[in-house]
Amino acid sequence: MEAGGQLTQSRRDHAAMIVKTDDPSRAIDLDLTFSCGQVFRWTKIEDGWVGIIGDSLVRLQQREGRLLVQSSAPLPKSRITSYLRLDDDLQSILKELSRDREFRKIVKSIPGLRILRQDPWECLASFVCSRNCRVPMIRRIVRNISQRFGKRVTWGDYLDHSFPEAEIISQASLSELASCGLRYGRRQARELKELARLICEGEIDFGALKDTSYAEAKARLMSFDHGVGNKVADCVLLFSLEKLESFPVDVWVARTVAELYHDHLRPDLVSKAARGRSLTPRDYREISDFGRSHFGRYAGYAQEYIYHWKRLKEGVC
DNA sequence: ATCCAGGATATCT
DNA sequence: AGATATCATGGA
């Protein structure tokens, strides 16, 4: 191919694709969406967010009523809109969730926060690693795993690594995994390896889980005793398996629900959650079930708004 | 130093 | 079935 053709090809790859977000139903705030603790591998560089979708390095820039998208390799626009869940009518969802004064206040303070549609394996691995960690540490662990086991991707000045396939992790050494910062000695490393193996062997089939009900998919994910309990399962179901009714409960959500909706919970649970005490499975179920019954089919969105609003208010992030 | 983090599991009563 | 003990680490 002649030089002119290559230049044209190169320009086409690096030209910014425009995704329109001017309609209120497609509103999105990248800062809120990437820093709300649902995903751990996007970083803000200058005025853009850089991360990986599939095997491509992607840079997203927020502009008035639109997003500018650039990537190291051509990506169909549908891949971007799917990842960002721009197919969710955010305006309608938030309207449906705004059933009380407290929640309307929350929505008003952080409009444009969206749930993403993540890769299930990366999401599962991330939240298995999340146990006993704060968000910045989760980010570091997931980054370490990617750097050590993922594929190197470069694009201009940017360098990053894809998240390693389950097959790679299923063959990784425990000590090498543990040295990425996983907790509890080699225990979490073993859990991650076992989960990777189950995925490779088809025992965990994300496609099938997407087509299953929330309750069945959750029971399946929790049935292996490899580090996936209530909380991790709910996060994976919400952030990567289309279960928007999932209502994950961590210490922040428990505390905030106890504060805002104390009339709906047992008094002893309210005081326990307010003090940040750890929850029993029964406590977890009570708060999570409340979330689903109060907010309905989009309870997961409500959970994420509550979580991020509280953390911003407390100055944690 | 002490406390805590987007908890899960094995082991009791 | 529901409470309790244990796991074990970087950072504030």
Of those in segment A:200-239 that are surrounded by fewer than 20 Cβ atoms within 10 Å (Cβ to Cβ) and among the acidic types (Asp, Glu), the residue nearest to DNA strand B (Cβ to nearest atom) is A:225
Would you mind telling me which numbered condition in (1) of a type outside the set (A, V, I, L, M); (2) in a helix (DSSP H, G or I); (3) under 17 Å from the mean Cα position of the chain (by Cα) residue A:103 fails? (3)
Has segment A:79-91 got any residue that is more than 30 Å from residue A:17 (Cα to Cα) and either assigned to a helix (DSSP H, G or I) or more than 18 Å from the chain's Cα centre (by Cα) (or both)? no
Grab the helices (runs of 4 or more DSSP H) fully contained in segment A:251-317, keeping just those with 1 or more residues being farther than 18 Å from residue A:35 by Cβ and among the aromatic types (Phe, Trp, Tyr). A:281-295
Please verify whether residue A:132 is over 11 Å from residue A:163 (Cβ atoms) and assigned to a loop (DSSP other than H, G, I, E, B), treating the condition exactly as stated. yes
Can you work out which of the residues in segment A:240-264 that are of a type in the set (A, V, I, L, M) and buried (at least 19 other Cβ atoms within 10 Å of the Cβ) is farthest from residue A:212 (Cα to Cα)? A:258
Of the candidates A:134, A:220, A:197, A:140, the one satisfying the condition of being within 16 Å of DNA strand C (Cβ to nearest atom) and touching a residue at least 12 places away in the same chain (Cβ under 8 Å) is A:140
Those residues of segment A:192-207 which are more than 20 Å from the chain's Cα centre (by Cα) and part of a helix (DSSP H, G or I), in sequence order: A:193, A:194, A:197, A:198, A:200
If you go through segment A:106-124, how many residues are over 11 Å from the mean Cα position of the chain (by Cα) and either on the phi < 0 side of the Ramachandran plot or among the acidic types (Asp, Glu) (or both)? 8
Select, from A:91, A:118, the only residue that is farther than 21 Å from residue A:235 by Cβ and out of contact with any His (no Cβ under 9 Å at 6 or more places or on another chain). A:91
Here are A:98, A:109, A:175: which of them is surrounded by 16 or more Cβ atoms within 10 Å (Cβ to Cβ) and small (Gly, Ala, Ser)? A:98
Could you say which residue among A:119, A:89 is within 17 Å of residue A:42 (Cα to Cα), at pLDDT 95 or above and not hydrophobic (A, V, I, L, M, F, W, C)? A:119
Does residue A:186 satisfy being in contact (Cβ under 8 Å) with a residue 24 or more places away in the chain and within 14 Å of DNA strand C (Cβ to nearest atom)? no
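The values are calculated or read from the model by the stated rules, or taken from the named source; none is laboratory data. No experiment lies behind these values; they were computed from the predicted model shown. Cβ: placed from backbone, ideal geometry, glycine included. Neighbour counts: every protein chain shown.
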